[in-house]
Amino acid sequence: MSYYKMSAIAVLSVLLVGCSSTPVPDPEPTDTTYGGSNDGAYTSGIGGDGMGDGEYFDEAAEADEADEMLGSVIYFDFDSSAVRAEDQDLLSGHAIQLSQNSLHNVRLEGHADERGSREYNIGLGERRAQAVRQILMIQGVNASQIQTVSFGEERPGSMGGSDSDYAQNRRAEIKYTN
Amino acid sequence: MLKNFTRLLIILIFVTTTAFAELVIDVQGVSQPTPIAIVPFGFEVISPGAPLDISAVIKGDLLRSGRFAPMAENDMLQKPTDGADVDFADWSVLGVEAVVVGKLIQQRGSDAYTLQFQLFDTFRRKQLIGFRMPATRATMRAAAHRAADMIYEKLTGIKGVFGTKVAYVTAEQQPDGRLYSLIVSDQDGENDYTIVESKDPIMSPAWSPDSRQLAYVSFEGSKSSIFVQTLRSGNRFQVSNKPGINGAPAFSPDGRKLLITLGGINGNPDIYVLDIASRQTKRLTTHRAIDTEGAWSPDGRYIYFTSDRSGGPQVYRVSVSGGSPERVTFEGSYNARPRLSPDGTRLAMVHNDRGNFRIAIMNLERKDLLVLSSGQQDESPSFAPNSDILIYATRRGGDGVLETVSADGLIRQKMASGRGDIREPVWSPFERF
């Protein structure tokens with residue numbers, strides 16, 4: 001999980017270079033994360049300078065990169081659609097990415113484990129996708145940028161019938177479609 | 001646009017495959033099945049070789065029903081093909097209660113046959129059925145199932161379902177991902193063919209009351225939509241493609257409407273009635289909870305559905321004209337996917353039985369719940385059109401397989417799995433022509 005946090009900060013820093021005048025809310029106290037991580041040198045270096053050399057950018061590629069760096073899957077407890085505290089940073093990173101790039105769209109894919117009835121599980125998966133959608137919208141993402149789909153138990157992330165397989169399958173995936 | 005076009009190409013309609021050829025691996029029947037003899041049928045044919053072993057089909061049907069113990073051919077003292085040649089003493093001495101004899105007669109020089117058979121009560125020495133019907137090579141298997149249906153009904157008083165079909169979904173792991181297929185086969189697994197396949201999930205097949213169409217949910221393009229496909233032509237049309245969930249289709253008894261679940265952009269699943277011709281929808285439930293898996297009562301007056309408005313999923317019932325739903329199930333923390341027996345007396349569901357998801361059946365008058373299956377992840381119960389048998393999916397060695405059980409829980413059939421993960425079996429209505 002700390003990987004996600006570090007990556008989120010890295011992306012925040014990249015974004016700061018692109019639009020340095022826009023205030024970006026920090027999800028964590030900055031010093032602790034910067035100082036403590038191995039990537040700290042790179043990220044704090046650019047951030048501290050304030051004005052980099054500038055760079056060419058490609059929004060679509062950045063979206064892919066953000067997607068990859070931030071992590072795009074979050075997991076849920078049994079019979080729950082509550083986003084875990086540890087995943088809030090990841091979602092904030094995506095919220096920033098989306099609210100600053102109105103051309104970017106995401107598809108939120110909700111999933112359930114295989115236990116119980118299939119169409120009811122479609123409902124449970126949708127709840128998870130909607131929980132993520134609500135968080136993104138509260139953080140400034142336009143509703144028109146978000147599409148949700150629930151695959152219920154139809155697309156398991158992990159085959160097999162153990163509790164850890166089930167835990168891998170109770171998830172929401174964030175997929176950039178544009 | 002191009003993307004949509006290539007996606008369309010991926011979906012192949014009408015591809016023949018074999019899903020489970022050796023279907024039944026285990027039958028647990030009633031404690032005292034009726035001894036019966038199906039004498040090998042005679043063949044009065046012009047072209048050499050029998051087009052189909054008729055008696056083997058009838059014997060297989062009766063054996064799998066769990067209510068009959070067909071005699072081995074080697075134990076038979078005589079093998080008549082005409083009723084006039086049946087010596088009742090030869091059969092009653094062996095304890096055989098009923099004898100079936102018959103033959104297949106080919107008409108001169110064409111693909112036209114007559115299948116005739118007779119059923120006798122050996123103790124009363126009386127003919128119970130004498131019947132002949134036309135058949136071609138293509139319809140011969142169906143004709144044999146029809147004979148088995150007539151014999152079964154005469155001897156048990158229960159309408160036979162050997163001539164009916166089953167639809168189910170398979171998921172196969174392939175090098176480039178999973179392939180989902182919707183398959184229709186005879187109820188014994190023969191004659192299977194794929195009616196649609198896709199790289200994206202297919203789920204929730206539902207028969208039209210005339211057995212000619214299937215509604216199903218498809219995730220083509222990574223969004224759910226509902227299709228109705230005509231089996232004979234393979235033509236299909238999309239009936240619902242709204243934002244969010246489009247799920248759980250169920251045909252009305254008159255075939256003109258579909259119950260569907262729509263989630264909408266804010267993801268609140270509720271049950272709607274969709275008029276197929278006009279595409280107009282009417283909302284039936286309005287609760288914030290998950291309301292889904294709608295099922296019609298056979299008289300078309302009530303809708304049974306799953307809702308977690310009380311916390312966990314339970315079965316509720318609402319009048320088709322609307323109003324406030326009443327709760328139907330109270331036993332246990334999880335009761336979902338209600339299905340009414342075609343005679344309207346019983347409700348099948350997925351029930352959490354001490355941590356295991358199993359098929360249970362409730363008598364709607366007495367309200368008592370009977371757990372019928374013994375797996376851990378049993379799902380998708382579907383009644384045979386005679387209300388006497390259910391088919392459902394269970395797990396064996398990691399894969400989904402099909403089983404049937406009689407509504408009293410006494411007779412079980414395990415079906416072999418030919419490929420991949422088999423799920424969501426739905427039994428057809430009685431064929432209508």
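For peptide A:108-118, what's the mean number of Cβ atoms from other chains within 10 Å of each residue's Cβ?
Counting other chains' Cβ atoms within 10 Å and averaging over A:108-118 gives 6.
Taking H placed 1.01 Å from N in the peptide plane, check which residues at least 5 places from B:Ser224 or on another chain put their amide H under 5 Å from its amide H.
So B:Ser224 has HN proximity to B:Asn246.
Would you list the membrane-span-like helices of chain B, meaning whole DSSP H runs whose alpha-carbon atoms span at least 15 Å along their axis and whose mean Kyte-Doolittle value is at least 0.0?
On the way: long enough: B:54-64 (16 Å, 0.86); B:140-156 (24 Å, -0.24).
For chain B, where a helix must reach 15 Å along its axis and average at least 0.0, the hits are B:54-64.
Residue by residue through segment B:239-245, what is 3J(HN,Hα) from phi via Karplus (6.51 cos²θ - 1.76 cosθ + 1.60, θ = phi - 60°)? Round to whole Hz and write x for glycine and proline.
So the Karplus estimates, Gly and Pro as x, are 10, 8, 8, 8, x, x, 5 Hz.
How much length would be gained if the chain were fully extended between B:Leu77 and B:Asn356, taking 0.36 nm per residue of separation minus their Cα-Cα distance, in nm to one decimal?
Residue separation times 0.36 nm, minus the Cα-Cα distance, leaves 95.5 nm.
Roughly how big is the A-B contact, given as buried accessible area in Å² (both sides, 1.4 Å probe, nearest 100)?
On the way: alone 9630 and 19520 Å², together 26540 Å².
Chain pair A/B: roughly 2600 Å² of buried accessible area.
Do any residues of segment B:356-381 lose at least 10 Å² of accessible area when the full set of protein chains is present rather than just their chain alone, and if so which, with a 1.4 Å probe?
Output list: B:Phe357, B:Gln377, B:Glu379.
Could you work out, residue by residue across A:140-150, how many beta carbons of other chains sit within 10 Å of that residue's beta carbon, and then give the average as an integer?
Partner Cβ neighbours, averaged per residue: 3.
Check each of the trypsin sites (Lys or Arg not before Pro) in segment B:354-397 and keep only those in coil by DSSP with at most 11 other C-beta atoms within 10 angstrom; list them in order. If you can, show how the numbers build up before the last one.
Details: sites: B:Arg354, B:Arg358, B:Arg366, B:Lys367, B:Arg395, B:Arg396; in loops: B:Arg354, B:Arg366, B:Lys367.
Taking segment B:354-397 and a limit of 11 other Cβ atoms within 10 Å, the loop trypsin sites (Lys or Arg not before Pro) found are B:Arg354, B:Arg366.
Using DSSP to call loops (not H, G, I, E or B), can you name the chymotrypsin sites (Phe, Trp or Tyr not before Pro) in segment A:73-174 whose Cβ has at most 13 other Cβ atoms within 10 angstrom?
In loop regions of segment A:73-174 (DSSP not H, G, I, E or B), the sparsely surrounded chymotrypsin sites (Phe, Trp or Tyr not before Pro) are A:Phe78.
Over the whole of A:123-132, what's the average partner chain Cβ count within 10 Å per residue? Rounded to a whole number, please.
Numbers: counts 18, 4, 2, 12, 6, 1, 3, 6, 1, 0.
Per residue, the number of nearby Cβ atoms from other chains is 5 on average.
For segment B:207-280, what is the accessible area per residue in Å², given a 1.4 Å probe and the full set of protein chains?
36 Å²
So what's the back-of-envelope 222 nm ellipticity for chain B, counting only DSSP H runs of four-plus at -39500 (n - 2.57) apiece and dividing by all residues, rounded to 500?
So the helix-based figure for chain B works out to -3000 deg cm²/dmol.
State to the nearest 20 debye the size of the charge dipole of segment B:259-300 about its Cα centre, where the only charges are +1 on K and R beta carbons and -1 on D and E beta carbons.
Dipole about the Cα centre, nearest 20: 180 debye.
When only C-alpha pairs under 8 Å and at least 6 residues apart count, what is the relative contact order of segment B:33-156, in percent?
Reported relative contact order: 27 percent.
Could you go through segment A:139-154 in sequence order and give the Karplus-derived ³J(HN,Hα) for each residue, using 6.51 cos²θ - 1.76 cosθ + 1.60 with θ = phi - 60°, rounded to whole Hz, and x for Gly and Pro?
Values, residue by residue: 8, x, 7, 6, 4, 6, 8, 10, 10, 10, 9, 10, 9, x, 9, 6 Hz.
Roughly how many debye, to the nearest 20, is the charge dipole of segment B:200-273 about its Cα centre, given +1 on each Lys and Arg Cβ, -1 on each Asp and Glu Cβ, and no other charges?
180 debye
Which residue, B:Leu77, B:Pro134, B:Ile105, has the largest displacement toward the positive end of the dipole of segment B:33-156 when charges sit on each Cβ (Lys, Arg +1; Asp, Glu -1)?
Checking the options against the dipole of segment B:33-156, the answer is B:Pro134.
Nothing charged except the Cβ atoms of Lys and Arg (+1) and of Asp and Glu (-1): what's the magnitude of the dipole of chain B about its Cα centre? Round to the nearest 20 debye.
Once rounded to the nearest 20, the dipole reads 1320 debye.
Starting at the first residue of segment B:89-96, write each ³J(HN,Hα) from the Karplus equation 6.51 cos²θ - 1.76 cosθ + 1.60 with θ = phi - 60°, in whole Hz, x for Gly and Pro.
Running phi through 6.51 cos²θ - 1.76 cosθ + 1.60 with θ = phi - 60° gives 4, 4, 8, 5, 5, 8, x, 6 Hz.
The values are calculated or read from the model by the stated rules, or taken from the named source; none is laboratory data. Bear in mind that the values here come from a model prediction, so they are computed numbers and not experimental data. Reconstructed Cβ throughout: ideal geometry from the backbone, glycine too, with neighbour counts over all protein chains shown. The protein model used for the area step is the full one, side chains on, heavy atoms only, and it has no ligands, DNA or RNA in it. Shrake-Rupley method; radii C 1.70, N 1.55, O 1.52, S 1.80 Å.
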